[in-house]
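This report concerns only the one structure given below.
The values are calculated or read from the model by the stated rules, or taken from the named source; none is laboratory data. Worth saying up front: this structure is predicted, and the values here are computed from it rather than measured. With ideal geometry, Cβ positions are generated from the backbone for all residues, glycine too; neighbour counts draw on all protein chains shown. Protein only, heavy atoms only, side chains kept; ligands, DNA and RNA dropped before computing areas. Shrake-Rupley method; radii C 1.70, N 1.55, O 1.52, S 1.80 Å.
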Amino acid sequence: MTINIDKKQFQEDLIGWFLAEKRDLPWRRTADPYQIWISEIMLQQTRVDTVIPYYKRFVEKFPTLYDLAEADEQILLKEWEGLGYYSRARNLQAGVKEVAENYGGIVPDNRKDFSSLKGVGPYTAGAVLSIAYGIPEHAVDGNVMRVLSRILLIEEDIAKPKTRKLFEEAVTEIISHEDPSSFNQGLMELGALICTPTSPKCLLCPVREHCAAFDKGKQHDLPIKTKAKKNKAMQFAMIAIKEGDAILMEQRPTTGLLANMWQFPMMELTDEVLPLQIEEELSENFSGVVDGVEKITSFKHVFSHLTWNVDGFIAKGKNLKIPPHMKWVTAEELDLLPIAGPVQKMKTALQLRGDV
DNA sequence: CAGACGTGGTA
DNA sequence: TTACCAAGTCT
């Protein structure tokens, strides 16, 4: 591709602006590749304001790479609770363990080795290598594609995986070799503060004079991005089964949605269900007695790709035979289990009633 | 490659 | 309310 900008001047304008205007973020106060790695994983598809408190707690709880490598997965997931995309946490720990075991605890300083780690894709590899080690590697995220699509007037669909390579080539071409860290971060910071998806602040832009879209008045038409499809709805009954003070919880499978997280036992519904039907089905499933089923709440939880419509019930259990992925917990133990959004809503409903 | 994979903020 | 988004990666 042909790039019609003055590279040297562009780098100077971008980096100069970044160094003067950059936000004071927690992960910009460390030079530790491990901590920078954590920040990049947390920031995937997640807002800066959301990440800040999680990042602070996380590095305090797991200050060194070895602290995380040795951490119990339930503790780890509990720290990640509410951040979403939970496989990021488990992949991060898998990556950290590999560094501890195979790299002497030193985060690899080259793309080939670092990219081989779980959860480290092309963006994260470039981000950590450039920010932590000052290596001139591309780090192309959504911000960078939006910013460069405007500056270079690139009209490819950024929703297509193939397009990212085009931007990686562009960055490789124009990245500063004197300060690749500020260059990459500057591109992203510009996307976050100035070159925003809607209403870009072009009059405040430090690289306006390099921008082909601004020159042609097309900044509002870029980037080109095909829209996502809408998600599907599912119906569930979520049942809080109590035997005395103990409450029954189940752990989700090790793969897929909310992997290894905990929840109140759930039944997928095909249509409207009555408390009596729930009693029958559960009594049969647990080879015991489940009765006193009562609906206590109803809510909707929207994930990125699907929606759960949940009816929440309470019930009493006697002499239940439970499978290995379930366990009885006290209210205190319940607070230690990692649970995701919909389960949080159910737990809140129970707490309001004084049931847990 | 298309779809799975969370959450909370904003228009 | 609907839709889109925000520093992506894995299968």
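Between A:Ala20 and A:Tyr85, the FRET efficiency from the beta-carbon distance, with R0 = 30 Å, is close to 0.35. Shape class for segment A:286-327: oblate, because the ratio a/c of the largest to smallest gyration tensor axis (alpha-carbon atoms, square roots of eigenvalues) is 1.5 or more and b/c is at least a/b. Remark: spin-label model distance A:Thr255-A:Asn102 equals 2.0 nm, labels positioned 7 Å along the Cα→Cβ axis. Residues in segment A:232-353 average 51 Å² of solvent-accessible surface per residue, probe 1.4 Å, ligands and nucleic acids excluded.
Annotation for A:Asp271 and A:Ile75: the two label points, set 7 Å from Cα along the Cα-Cβ direction, are 5.1 nm apart.
The label-point distance for A:Thr196 and A:Lys7, in a model that sets each label 7 Å from Cα toward Cβ, rounds to 3.3 nm.
With the charge dipole of segment A:220-302 set up from +1 on Lys and Arg Cβ and -1 on Asp and Glu Cβ about the Cα centre, the Cα lying farthest toward the positive end among the listed residues A:Leu276, A:Leu248, A:Met266 is that of A:Met266. Cα gyration tensor of segment A:232-353, axes a ≥ b ≥ c as square roots of the eigenvalues: rounded (a/c below 1.5), prolate (a/b > b/c) or oblate? Since a/c stays below 1.5, the shape of segment A:232-353 is classed as rounded. Using a cut-off of 29 Å between Cα atoms, the listed pairs A:Lys225/A:Lys347; A:Lys7/A:Lys162; A:Lys242/A:Lys345 include A:Lys225/A:Lys347 as exceeding that distance.
Across chain A, the relative contact order, built from alpha-carbon pairs under 8 Å that are at least six residues apart, equals 16 percent. If only the Cβ of Lys and Arg carry +1 and only the Cβ of Asp and Glu carry -1, the dipole of segment A:232-353 around its Cα centre is close to 360 debye.
Among the chymotrypsin sites (Phe, Trp or Tyr not before Pro) found in segment A:285-314, not one is both in a DSSP coil and sparsely packed, with 11 or fewer other Cβ atoms within 10 Å of its Cβ. Compute the acute angle (0 to 90°) between the alpha-carbon long axis of helix A:87-102 and the principal axis of greatest extent of the alpha-carbon atoms of chain A; round to the nearest 10°. Roughly 70 degrees between the two axes.
Which angle between 0 and 90 degrees, to the nearest 10, do you get for helix A:275-285 versus the longest principal axis of chain A when only C-alpha atoms count? That works out to roughly 90 degrees. Only DSSP H runs of four or more residues enter the estimate; each adds -39500 (n - 2.57), and after division by the residues of chain A the mean residue ellipticity at 222 nm equals -13000 deg cm²/dmol. Legend: residues A:Val302, A:Val289, A:Val51, sorted from most to least accessible area (1.4 Å probe; ligands, DNA and RNA excluded), read A:Val302, A:Val289, A:Val51. Taking square-rooted eigenvalues a ≥ b ≥ c of the alpha carbon gyration tensor, is chain A rounded, prolate or oblate, where a/c under 1.5 means rounded and, failing that, a/b exceeding b/c means prolate? Prolate shape, in that a/c is at least 1.5 and a/b is the bigger ratio. Here segment A:7-221 has 49 percent of its accessible surface on carbon and sulfur atoms, given a 1.4 Å probe and all protein chains in place.
Computed over protein heavy atoms with a 1.4 angstrom probe, the accessible surface ordering of A:His325, A:His210, largest first, is A:His325, A:His210.
These residues, A:Thr64, A:Thr30, A:Thr254, A:Thr124, go from largest to smallest accessible area, 1.4 Å probe, as A:Thr254, A:Thr64, A:Thr30, A:Thr124.
Taking the Cα centre of chain A as reference, the dipole from Cβ charges on Lys and Arg (+1) and Asp and Glu (-1) amounts to some 840 debye.
Axis of helix A:142-151 versus longest Cα principal axis of chain A: the two differ by about 30°, to the nearest ten degrees.
Among the protein heavy atoms of segment A:243-356, carbon and sulfur supply 51% of the accessible surface, probe 1.4 Å, non-protein parts ignored. Of A:Glu250, A:Glu168, A:Glu272, the residue with the greatest mean-square motion in the GNM of chain A, using alpha carbon springs below 10 Å, is A:Glu272.
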